[in-house]
Amino acid sequence: MKNLHKLYFLLIAVIIFASSCEDITEINEDPNRPTEVPVEYLLTSAERQLGNRLYGGFDNVAFGMTVSQYWAQNEYSDETRYQFRANTNNTFWSDFYTAINDLQEIKTINRTIDKGQQGVNQDAVATILQSWAYHSMVDIYGDIPFEEALQGTDIPSPAYSDQQEIYTALIDSISSAVAAIDPSAPGFPGGDVIFGGDLSKWQKFGNSLLLRIGIRISEVNPGLAETTITGAASGAIASNADNASIQYITAQPNVNPLFVSYVVNGRQDYCATENFVGLLTGLSDPRIGEYFTPAASTGTFEGLPYGVTSAVAAGISRDAVSQLNPQVYAADFPGILMDYMETSFILAEAAANGWAVGGTAETYYAQAITASMNFWGITEAADIAAYIAANPYSEENLKVQKYIAMYYQGWQSWAEIRRMNLESVDAANLVDITDIEVFVDVTSVLKRRIYPQNEQTLNGANYSAASSNIGSDAYSTNLFWDID
């Protein structure tokens, strides 16, 4: 009997050991740290990262919306006087590249799995959003790491690529991505906070991005601009329902970043500029009430002078100037990447150049203003028609109306101010920067953002080469498409 007990326990031990050997690798696997991230998680991460940086309190707000002269600062007015925070610039750069790398990781993972057309669709979406991010970075800085970017430890200090060559590469990659998408096949099973997985809208976004890139180079390479725009025009965003936007929600942490700044943190630091209010009131523009609230002390729209010192700004009561309409910092207010208004203005400009885009400059111009009005809740057709009649199409009016309509999209508005040389258009009512005591050496609206300090420290040789290639790492250095 004793021997039978020994045999029984020996058999149990053998079974346990065999079972343990079969699954021995599971011992070293941490279920909380998966080795492969589902691609939809990477897409969500990239979209949120880009949205939070684009609309963050120290990016679109303290740089984009102030340098575009829409917003002044109630106090601490350093940014309107061009004294920017170095750490903010470092974070903007690194977070954009983190998001770009997440999108690249989607394509890396898909190379290891045969997903058929679904994998092709996912790669195309990742490419379009990557291209949007790269294009944004080029239009902010100039030359940036591109060809050697995202190589990890293989190339820890990437060289910068020429900004004009990046533009050409982006046109090719976006065009290929748009053509590769098959909307009838699966894409991302979830995680898309821009279009909810609608592949046809990703195609429209890609085509619209080609329009934006094309119009930016229209003065330096009109031939490439024309072919790019005419090839993409029919497939671009064609209604506000197609707008490419980060769809924020009312639940933390997936809220509009401005909500965090204004409501959660209580930092209501921005108000209307005097010059922008003067432009809107001079045109009796109905959007003024959607952009701002009347000054509490007067019941009229009043702006704060742009570029005053912190002491002067702090001495002006907040009740004396128009504050932001609360809708722009609502938790679920969308973060626009590109919209119907912008595509319509681009097509109006292309039509004025004589390019075959399927309509006239006047038609697209009216369409653009209508799209902007509708987005901001102004829907009375007769009122819109009267406004357009009072501000009919002309080259100058197009520039001014596009500037008004691009409110809240500070980064893109700044790019268009530079491209259209808007500071020289008196009707735009921009402040003459040369009359303001600022902290950097500029002679007009800033031409670019200087490179982050971390690049100077951690990638010094390539930073120096890039600075030399663009002319100088200075706020006053023109990008290649800015030839005023």
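Readers should treat all values here as calculations from the given coordinates under stated rules, not as data from a laboratory. Bear in mind the structure is a predicted one, so any value in this text is a computation, not a measurement. Here the Cβ positions follow ideal geometry from the backbone for every residue, glycine too, while neighbour counts run over all protein chains shown.
Segment Gln456..Thr153, full-extension length gain: 107.2 nm, with 0.36 nm per residue of separation and the alpha-carbon distance subtracted. Take the Cα of Asp426, go 7 Å toward its beta carbon, and the backbone nitrogen atoms of segment 385-406 under 19 Å from that spot belong to 391-392, 394-401. Going through [x] 38; [y] 33; [z] 50, the figure that equals percent of Cα pairs over 34 Å apart as computed for the structure here is [x]. May I ask you to list the trypsin sites (Lys or Arg not before Pro) in segment 214-305 that are in a DSSP loop and have at most 15 other Cβ atoms within 10 Å of their Cβ? Filter output for segment 214-305: Arg267.
By counting other Cβ atoms within 10 Å of each Cβ, how are Asp426, Asp162 ranked from fewest to most? Could you put the intermediate results ahead of the total?
Values: Asp426 9, Asp162 18.
The fewest-first ordering by Cβ neighbours comes to Asp426, Asp162.
What's the FRET efficiency of Glu75 with Ser176 using the Cβ-Cβ distance as r and R₀ = 41 Å, to the nearest 0.05? Once the sixth-power term is evaluated, E becomes 0.25. Between amide H atoms placed 1.01 Å from N, distances below 5 Å from Ser394 occur with no residue 5 or more places distant or on a separate chain.
Rounded to the nearest 500, the 222 nm mean residue ellipticity of the chain from helices alone is -15000 deg cm²/dmol, with -39,500 (n - 2.57) taken per DSSP H run of at least 4 residues. Put simply, the amide H of Ser245, placed in the peptide plane, has neighbours under 5 Å in Leu337, leaving out anything fewer than 5 places away on its chain. List the pairs from Lys107/Lys201; Lys399/Lys447; Lys204/Lys447 whose alpha-carbon separation is above 26 Å, in the order I gave them. The answer is Lys204/Lys447.
Qualifying chymotrypsin sites (Phe, Trp or Tyr not before Pro) in segment 427-484, where qualification requires a DSSP coil assignment and no more than 15 other C-beta atoms within 10 Å, comprise Phe439. The label-point distance for Ala381 and Ala241, in a model that sets each label 7 Å from Cα toward Cβ, rounds to 1.7 nm.
Here the gap between Ile113 and Asn478, fully extended at 0.36 nm per residue and compared with their Cα-Cα distance, gives a gain of 127.0 nm. Loop-located GluC sites (Glu not before Pro) in segment 417-482 (DSSP state not H, G, I, E or B) with no more than 11 neighbouring Cβ atoms inside 10 Å: Glu437.
Going by the alpha-carbon gyration tensor, a ≥ b ≥ c the square roots of its eigenvalues, is segment 135-277 rounded (a/c under 1.5) or, if a/c is not under 1.5, prolate (a/b greater than b/c) versus oblate?
Cα axes put segment 135-277 in the rounded bin.
Membrane-span-like helices in the chain, defined here as complete DSSP H runs extending at least 20 Å along the helix axis by their C-alpha atoms with mean Kyte-Doolittle hydropathy no lower than -1.0, are 2-22, 39-54, 86-110, 117-141, 163-180, 199-216, 361-375; this is a sequence and geometry rule, not a statement about a membrane.
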